[in-house]
Amino acid sequence: MSVAHGLAPARPRRWRSGAGRVLAGAGLVTAVALLPWLSRTDPALTVLRARSADQDPSPADLAAVREQLGLDEGPLAHLAAWLGGMARGDAGTSWVSGEPVLPQVTGAFGVSVTLMLGALAVTVLVAGLVCARTVFLGSRRRLRQDRVSTGPAVLAALPKFLLASLLATVCGVWLGWFPSSGWEGPQSMVLPALALGIPSGAMIGGLLDQALPAAFHEPWARTWYSVGFPPGHTARHALRRALPGVLPQLLPTVVALVGGAVAVEKIFNIPGLGRLALDAAIAQDLPLLQTATLALALLGMAAGLLVGALRHALLGRPLRDGALPALHRPALPQGRALRWVAGSCAVVLLGLVAAGLLRDPLHVDTVARLVPPSVAHPLGTDSLGRDLLARLGHGALRTAGVALAVTAVGAVTGLLLGMVPQVSAGLTEAAATLPAVLAGLLTTAVTGASVWGAACAVCLVGWSPYAAQSAALLEQERASGHIAASVSLGAGRLHLLRRHMLPALVPALLRNALLRLPTTVLVLASLGFLGLGEQPPTPEWGRLLSENQPYAELAPWTVLGPAGALVLLSVLAVSGTALRQRSA
Amino acid sequence: MRTPSRGLIAALALTPLLAGCFASGQSDSSSGAGSKEGAAGRLRVALAVPPAQALSPYSNDATVLSKLSVAEGLTALDEDGAAAPALARSWKRNDATTWTFELRKASFQDGTEVTAQSVVDALDHANEAETKPRVLSDVSLTAKAEDADTVTITTKSADPVLPLRLASPALAILSAKAYAKDGTVSPVGTGTGPFEITRLSGKTSAALTRFDGYWGGKAKAPGIDVSWIADGTARANALRGGDVDIAEWIPTAQAKLLDKDTRHEVPSVRTDSLVLNTGSGIFTDATLRAAAREAVDGSALVDSVFGGYADPAEGLFGPAVPWTAGKRVEVTGRAKAATTAQVKAETKGKTLRLATYTNRAELPEAASVLQQQLEKAGFRVKQDVREYTQMEADLLAGKYDALVFSRVTLLDTGDAVAYLASDYTSDGVYNIAALKDSAVDKAIRAAAEESDTAERQQKIMRAEAEILRTDAVVPLVHEKAVQGIAPDVEGVLLDPRERSLIDLDTHLK
């Protein structure tokens, strides 16, 4: 395919992806501008609420707000006025505060980007540590046993807000090493950057660690080893081969933190863009929300272009000339530890669920509140005296089921969109930086509050990591020599897809999806305040974590149980699929 | 890792460029109030609700101005909730609708004098604000300067609580400089209080210095550094980590983590109650409302959900409104409660839609407890919990059967009638219970028209009894606020009305 028109003029392609980006950005901003009219929630009421929380919503006051904001002119007039202003570099004034929007957005944007860069540094560090063993052994040709490390799965499953609470309490309050909140200098950046960077680093490192053995088993590495090149040299080139497939993941994992780190911004009281956009969305402060959305979309696209350029620089001429050797994971004997890990995770989880299902998850007993683990309550009780084991057990099926379904839909959508990268690049980048809350609001606008709303909202943005990954891997695969050979032997598109593309793509995609499973659980629960998803008191793991978060220090068992269960699920998913792939 | 480290270097090289972002809050602190740590004895305060409209007195932010003693009105409220002199030295009621206020000699923080004309201008601006401050919503007043220090205020209809009304922070008197042509109002350097705002950095922080020309003398603290921390846990952490001296509204889940001598509880004028929708759905039936009332036990929430920081409900008004205690009227004539069997029969196939909101952390927990209590009485309950603005329109449209509601019972006027009128009269704008009961309307109107304080209080309690008779609302608990105050701070005001916090005498030991 790509080989067939490998030298096709670059211009139409750039033009197409450029148009895709403009369309995606325009679509997003328009959707946001229509939000109040779609959801039929009167902005006058929400703006009044944001200005004065206890104000009685009298018709006269609402009319005054409506007139002041020009709401009766309708969404399009408002959008046109805002766009006209944007052309002059004026983003208008906030509906709530009446102050100019642009300084607020640029200020918060700067804060968030700084924090994101800090998180990026931590991510790179953690990813490096995760891959260190593979790099060390691989560069010395001692990579004899296949080992799916479960460490990254454990770290990647840690909820960021829990990590943030823990760091704020331990390093901020108890030890006093860093300020527990605020944004007053580089020292206030350390804890939030760690809270955001550790799970992201584990995710990126986990993916890289998966791709590295293939690079180390390419013929050049063997030759270099036998010639006696230093291991460092080999390691560098192996990374250069494996990195381009992983780099696009930085976009939805790290760059997305600019708008998507609301929970951590709250815990550390950081005046970032995530909170600004959330407040604007809740108050339906459209000028502010549109500007913030636009800034995020532009950031996503700029980062997307940068990552693309970096990938091409790393892969260089072979990619353009269709002479890229394909990376295929070597068949190594499998360690026995993996079986043990998968087996014990499954047994513990099944045990928890079975024991939990026999108990009542909804029974409130205000006398037995926050009871530590005991014989009567093996995992303790929550703030209302409900048995945590019961809540975990009853929530397991629903939580895992919905999260798996959402992940599957996201992965398939991402795969399909990843096949038409020129068209979807803009959309992928915009969706990657779009906060899930905004997707949630758009969903509520269309469907109203509903049980499936949260799943729909997450599907709306959740596909972007997989689309980015598919697009990158497919591009590399198309440029490989054996595809050229197949094409010259007369292979059709379908054959190529079935026999070459998908087999190369699916394992990496699967691992990515499974590493993201816990995040999906948490994001699903984080939309509850919009009325999306199952309503309380239905037990659900994400909700268990968020409703017990305030008690994390007073009664740590209330969050340890659900967090541990999430980690077990993640490790089981990752090691279980690794086992199946090997045995298949 | 050659290439990524290059990227890292690039990222790190960018960091200094972006480091300016840290300073966005602090950039002009050195030029403004003097360096932060430089001045010893400055109070560091963490407030909970970030400014919505740059501290405009016509918004939510008004209470900040009174909490930090930045601006004052003609009157103030004393501990019992009665009007006390502030910028007005004294006042008298000439007839039903005219009052004369004598001003004291005071000056604004920008150096100009407080005159009768400046008071008239300030009140005119409040009257003409695009969205009228709530305190003026049920009254129309005109102010006139008689001479340099006498102001006459005329109301359209008789307003017995005018002096209380004028104590509202929304009616703070600011200097002419504060009022911009476009209708915005800035209290920065324009108030009359003992502390002057010198810098306001967006929604994150503000710096205040002592105003030496204050008529009441010099404040003991040289200044205040305010930071807004919306998250309750973060506020508690800031206090525990020693980053601030005073942190308001510590959530009950965090209160136990504070040292005993830093945690101070104040009865709050907030009452949490279960509001039943009398206009549509299952609770149009008075016997079912009575059944719900009997099923619900608010005292079960006190030690559990509120961790002891609440009092069991006695009525609509709690211990924070001290005069209610001796004046409570017994509730008579309630409907007879349906038995569990009757409830089951009558609500057959219908679920009770129980709503509450996430903005106050205790409410969703309370809802889960209430759900169990209601289910015991035979109801089938389904919860709907969202952010408040996500459900307010539905609430006002009567789409729920019951709401767990936390309500401030003394609004801006400091007078209880305003709350009763907006929430329980047939034409009340905040009547979530959709109550239409002529006896209730009559009782509230009678209280509103009464000008004698003691008699008014008695009539308010009679109106309360009338409202409780309908079972449209079941009071659950009276909240207590927990204020976190470091042991070396003296003289912090613990105000149930959440209007004052720091004044002349507040200082570090």
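Can you tell me which residues in segment B:319-352 are exposed (fewer than 12 other Cβ atoms within 10 Å of the Cβ) and of a type in the set (D, E, K, R)? B:GLU330, B:LYS336, B:LYS348 - these are the residues of segment B:319-352 that are exposed (fewer than 12 other Cβ atoms within 10 Å of the Cβ) and of a type in the set (D, E, K, R).
Taking segment A:177-271 and the helices (runs of 4 or more DSSP H) fully enclosed by it, the elements with 3 or more residues that are surrounded by 24 or more Cβ atoms within 10 Å (Cβ to Cβ) are at A:190-216, A:231-246, A:257-260, A:262-267. The set of residues in segment A:444-489 being assigned to a loop (DSSP other than H, G, I, E, B) and within 14 Å of chain B (Cβ to nearest Cβ) consists of A:GLY448, A:ALA449, A:SER450, A:VAL451. With respect to A:GLY395, is the statement that it is within 14 Å of chain B (Cβ to nearest Cβ) and over 20 Å from the mean Cα position of the chain (by Cα) true? Considered against the rule, which asks whether it is within 14 Å of chain B (Cβ to nearest Cβ) and over 20 Å from the mean Cα position of the chain (by Cα), A:GLY395 comes out as no.
The residues listed here are A:GLU534, A:GLU547; of these, the one that is surrounded by fewer than 23 Cβ atoms within 10 Å (Cβ to Cβ) and within 14 Å of another protein chain (Cβ to nearest Cβ) is A:GLU534. The conditions of being at pLDDT below 95, under 24 Å from B:VAL244 (Cα atoms) and either in a loop (DSSP other than H, G, I, E, B) or β-branched (Val, Ile, Thr) (or both) are met by B:LYS203. For segment B:69-89, the count of residues that are in a loop (DSSP other than H, G, I, E, B) and within 30 Å of A:ASP285 (Cα to Cα) is nonzero.
Within segment A:255-276, residues that are away from chain B (no Cβ under 12 Å) reach partners that are part of a loop (DSSP other than H, G, I, E, B) and of a type in the set (Gly, Ala, Ser) with beta carbons closer than 7 Å, at six or more positions or on different chains, in the pairs A:ALA261/A:GLY272; A:GLY274/A:ALA261.
Suppose we filter B:LEU65, B:LEU164, B:LEU87 for residues that are of a type outside the set (Asp, Glu) and either without any contact (Cβ under 8 Å) to a residue 60 or more places away in the chain or closer than 27 Å to B:GLU455 by Cα (or both); which single one remains?
Details: B:LEU65 fails: either without any contact (Cβ under 8 Å) to a residue 60 or more places away in the chain or closer than 27 Å to B:GLU455 by Cα (or both); B:LEU87 fails: either without any contact (Cβ under 8 Å) to a residue 60 or more places away in the chain or closer than 27 Å to B:GLU455 by Cα (or both).
Unique residue meeting the criteria: B:LEU164.
In the set (1) surrounded by 17 or more Cβ atoms within 10 Å (Cβ to Cβ); (2) not in a helix (DSSP H, G or I), A:LEU102 fails one condition alone, (2). A residue that is more than 12 Å from chain B (Cβ to nearest Cβ), modelled with pLDDT under 90 and closer than 30 Å to B:VAL64 by Cα occurs somewhere in segment A:82-101.
If I filter segment B:112-127 down to residues being without any contact (Cβ under 8 Å) to a residue 40 or more places away in the chain and within 24 Å of B:ASP61 (Cβ to Cβ), which single residue comes out as nearest to the chain's Cα centre (by Cα)? Among residues in segment B:112-127 that are without any contact (Cβ under 8 Å) to a residue 40 or more places away in the chain and within 24 Å of B:ASP61 (Cβ to Cβ), the one nearest to the chain's Cα centre (by Cα) is B:ASN127.
Inspect all residues belonging to segment B:303-317 and state whether any of them is out of contact with any His (no Cβ under 9 Å at 6 or more places or on another chain), closer than 16 Å to B:LEU374 by Cα and modelled with pLDDT of 90 or more. Looking for residues that are out of contact with any His (no Cβ under 9 Å at 6 or more places or on another chain), closer than 16 Å to B:LEU374 by Cα and modelled with pLDDT of 90 or more, one finds none in segment B:303-317, hence no. When segment B:184-209 is examined, which residues are found to be within 14 Å of another protein chain (Cβ to nearest Cβ) and among the basic types (Lys, Arg)? The one that is within 14 Å of another protein chain (Cβ to nearest Cβ) and among the basic types (Lys, Arg): B:LYS203. Among the residues here, A:THR150 qualifies as in contact (Cβ under 8 Å) with a residue 60 or more places away in the chain and more than 17 Å from the chain's Cα centre (by Cα).
State yes or no: is A:LEU296 within 11 Å of chain B (Cβ to nearest Cβ) and either crowded, with 23+ Cβ neighbours inside 10 Å or assigned to a helix (DSSP H, G or I) (or both)? No. A:THR428 satisfies every condition listed in (1) β-branched (Val, Ile, Thr); (2) free of Cβ contacts under 8 Å to residues at least 60 places away in the same chain; (3) part of a helix (DSSP H, G or I) except (2).
The single condition among (1) assigned to a helix (DSSP H, G or I); (2) more than 10 Å from chain B (Cβ to nearest Cβ); (3) more than 20 Å from the chain's Cα centre (by Cα) that A:LEU155 does not meet is (3).
Looking across A:PHE109, A:PHE136, A:PHE161, one residue alone is more than 15 Å from B:GLY241 (Cα to Cα), of a type outside the set (Lys, Arg), assigned to a helix (DSSP H, G or I) and more than 11 Å from every other protein chain (Cβ to nearest Cβ). It is A:PHE136. Just a yes or no: is a residue in segment A:14-27 among the hydroxyl-bearing types (Ser, Thr, Tyr) and at the interface with chain B (Cβ under 7 Å from one of its Cβ atoms)? No, segment A:14-27 contains no residue that is among the hydroxyl-bearing types (Ser, Thr, Tyr) and at the interface with chain B (Cβ under 7 Å from one of its Cβ atoms). Just so you know, in segment B:165-183 the residues that are buried (at least 17 other Cβ atoms within 10 Å of the Cβ) and assigned to a loop (DSSP other than H, G, I, E, B) include one that is nearest to the other protein chains (Cβ to nearest Cβ), and it is B:SER168. Say we look at segment B:55-81 and pick out the residues that are of a type in the set (Val, Ile, Thr) and within 13 Å of another protein chain (Cβ to nearest Cβ); which of these is farthest from B:THR204 (Cα to Cα)? Here the residue is B:THR63.
Which residue out of B:GLY378, B:GLY398 is more than 7 Å from chain A (Cβ to nearest Cβ) and more than 23 Å from A:PHE529 (Cα to Cα)?
B:GLY378
Within segment B:120-164, take every residue that is within 14 Å of chain A (Cβ to nearest Cβ) and β-branched (Val, Ile, Thr) and give me the one that is nearest to B:GLU498 (Cα to Cα).
Per the stated criteria, the residue is B:VAL135.
The values are calculated or read from the model by the stated rules, or taken from the named source; none is laboratory data. Because the structure is a prediction, the values reported are computed rather than measured. Here the Cβ is made from the backbone with ideal geometry for all residues, glycine too, and neighbour counts use every protein chain on show.
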